[in-house]
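**Q** Sharing a structure with you now.
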């Protein structure tokens, strides 16, 4: 009944569009006929002040564009430098499938208009696969000018430095990258500088204009080139070839590799010390910003399909349509998360959209609503809908978090919060491989899982492989004999991989294995894919517990005996215990918002909060070399005392 009543609440919430509080920053939406000069006069600023924070306005001021308006005038009397670009040549490029002007401009760090300028046929024709085009290559020329006291015009040049205050979490490499120098050159500008910089420390940096500093993109990691490192060694270490490094760092085309140079690379475990064990970071205790954050949540409620005048009809429709049921469960967890965040003092604006699970409705939502100030989108559910939303919002660099979908083809702004199936397999294989106390490894498989069994055999060449017996008709009989197992067991610890989708086979094998446990012979059962067959009523949980049944899972199961605050609040609010979808709604929402209020954006949080953990789910995002972000962590759990418990590694 409470779920039905909640539908009415969602209807009201969606109708209203959002829940928000006053914004804490000043922006200006450009109206028809306005110019930079007229906008500057409106705010008692100069055109220079507008251009300083909105450099794209120099090229074109578009109607409905949103400008950042400074609260005070910018000092134009201080010496500053401009970075001019000088055309040095062209690079030929053959257009590949799915490449666009936008993607090529981003890849080569040039404007789309610059590509069109040197390939004039593109003014009248679309870019097509196989087209041969010229990409302009530029080099940067630094000119430092000193305005005079009266009108700010340049009167000469200088090579002087300026003072810079070190920001929180800024290291030498970040500052060196920002100002386009090597770490060694930064050290030379600051004799006696400490190896580790302190927040608020004042240092010398090249005197270039603030707007010309290279932004540190939080979607990436940064790597300092070591002595004797060439492109081959970087390929081995980082997994990136020369073309990929040059695409991310165009200056390499001109200068080549230099010792101390800081390179932008995809955020990856390859850049970090693989031997470092990630520790979960509690973001509730370190909130750094109480400015309003704006998120959107897109779920397939399908409210248009429900007859809310009839409780019986509504209930029947919910039971009939898994999308509606799943959306309500997920949203019930979101609501508890929003309440928890409010109690933490988080200032949040939330828009709720019913996607109706159709592409046309999603397009309507995106076209009829302003997403300019949205910091993150949670949802939709289905891969094709995630792709549609991500593609539309990619130009605004808005992250889109996929709450449930797996194995997505993810674009640059997609965060796949659900780990892949391959990661589950890798987790348990590594666990068994690292356990030096195991005496024997056995693989038991039915015919449907033969390929997985063969993969395991390749990973453990000395393992014994047992296949399910066939019946008289030659089809899989889903059983084995006692002697099939007893002949393979050894004294000590025996680990058995069991790969099947048949509940009867699980019951048959676990019963046999349970009877073979002895004082001198330990038997541990595991699988690379925990499916419904192992949870069937036909299977004895007591046997699974005795066999310490072990598997990798995207989520652990919270213990209701631990007085979990989320479970208590959920029970109080809805009168039932939360299911896994509800818990995931809570965990995903908490993680997204807490990352936003602790860091500049979701992209920066990837490197600053490598691992976060909540009620049942944990998140450790990694950047794909070509694409977005994926969750690179899962749990290893086992049955113990008739409960599922996490294995602490």
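The values are calculated or read from the model by the stated rules, or taken from the named source; none is laboratory data. Computed from a prediction, not measured in an experiment: that's the story for all the values here. No Cβ is skipped: glycine too gets one built from the backbone with ideal geometry, and neighbour counts run over all protein chains shown.
Conditions tested, residue by residue: (1) assigned by TED's automatic domain parsing to the domain that holds residue 545; (2) within 12 Å of the chain's Cα centre (by Cα); (3) closer than 30 Å to residue 540 by Cα; (4) not in a loop (DSSP other than H, G, I, E, B).
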position: 600; (1), (2), (3), (4): no, no, no, no
position: 610; (1), (2), (3), (4): no, yes, no, no
position: 626; (1), (2), (3), (4): no, no, no, no
position: 644; (1), (2), (3), (4): no, no, yes, yes
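**Q** Considering region 456-475 alone, what residues qualify as being touching a residue at least 12 places away in the same chain (Cβ under 8 Å) and either buried (at least 18 other Cβ atoms within 10 Å of the Cβ) or under 36 Å from the mean Cα position of the chain (by Cα) (or both)?
**A** Residues satisfying the conditions are 456, 457, 459, 460, 463, 464, 466, 468.
**Q** Next question, about the same structure. In region 542-562, what count of residues is obtained for those that are at pLDDT below 95 and part of a helix (DSSP H, G or I)?
**A** Of the residues in region 542-562, 3 are at pLDDT below 95 and part of a helix (DSSP H, G or I).
**Q** Name the residue, out of 123, 138, 177, that is under 25 Å from residue 245 (Cα atoms) and at pLDDT below 80.
**A** The conditions single out 138.
**Q** Working carefully through the options 637, 625, find the one that is more than 26 Å from residue 352 (Cβ to Cβ), touching a strand residue (DSSP E or B) at 6+ places or on another chain (Cβ under 6 Å) and surrounded by fewer than 18 Cβ atoms within 10 Å (Cβ to Cβ).
**A** Going through 637, 625 in turn, just one is more than 26 Å from residue 352 (Cβ to Cβ), touching a strand residue (DSSP E or B) at 6+ places or on another chain (Cβ under 6 Å) and surrounded by fewer than 18 Cβ atoms within 10 Å (Cβ to Cβ): 625.
**Q** Checking residue 495 against (1) surrounded by 12 or more Cβ atoms within 10 Å (Cβ to Cβ); (2) not in a strand (DSSP E or B), which single condition isn't satisfied?
**A** Just one mismatch for residue 495, condition (2).
**Q** A further question follows. Quick test for you: out of 374, 389, pick the one residue that is surrounded by 20 or more Cβ atoms within 10 Å (Cβ to Cβ) and either closer than 25 Å to residue 583 by Cα or touching a strand residue (DSSP E or B) at 6+ places or on another chain (Cβ under 6 Å) (or both).
**A** 389
**Q** Next up: In the same structural domain as residue 326 (by TED's automatic domain parsing) and in contact (Cβ under 8 Å) with a residue 24 or more places away in the chain: does that describe residue 548?
**A** no
**Q** In this structure, does residue 496 turn out to be touching a residue at least 24 places away in the same chain (Cβ under 8 Å), on the phi < 0 side of the Ramachandran plot and in contact with a helix residue (DSSP H, G or I) (Cβ under 8 Å, 6 or more places away or on another chain)?
**A** In short, yes.
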